[in-house]
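Each remark here refers to the structure printed beneath this line.
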């Protein structure tokens, strides 16, 4: 009885992955086309890759898939964090520079 239930538990993850893939394609197109999505989501390509990796982590349970998709997910998280810190550094670097002394 328990063995008959296990395949049905495993198969539902494919459907979750399919549902998560719908916004992935929308975000991928939004990354390269002008529009409101690109304006609201700062980096739609990174969000699409994160969602793609998460969907595949949910659907696939073997070791190779876990290593591949968790690495891709963590790289996009690091990239997002790096872009945020670079953005905050760029905002503070707009301060006026001190005048250079005149050289003779």
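Read the figures in this text as sums done on the coordinates, not as results from a lab. Model, not experiment: these values are computed from the prediction.
Determine the shape class of the stretch 12-87: with a ≥ b ≥ c the square roots of the Cα gyration tensor eigenvalues, call it rounded for a/c under 1.5, and otherwise prolate if a/b is greater than b/c, oblate otherwise.
oblate
Over the stretch 12-87, what is the relative contact order in whole percent, taking alpha-carbon pairs under 8 Å and six or more residues apart?
Relative contact order here is 31 percent.
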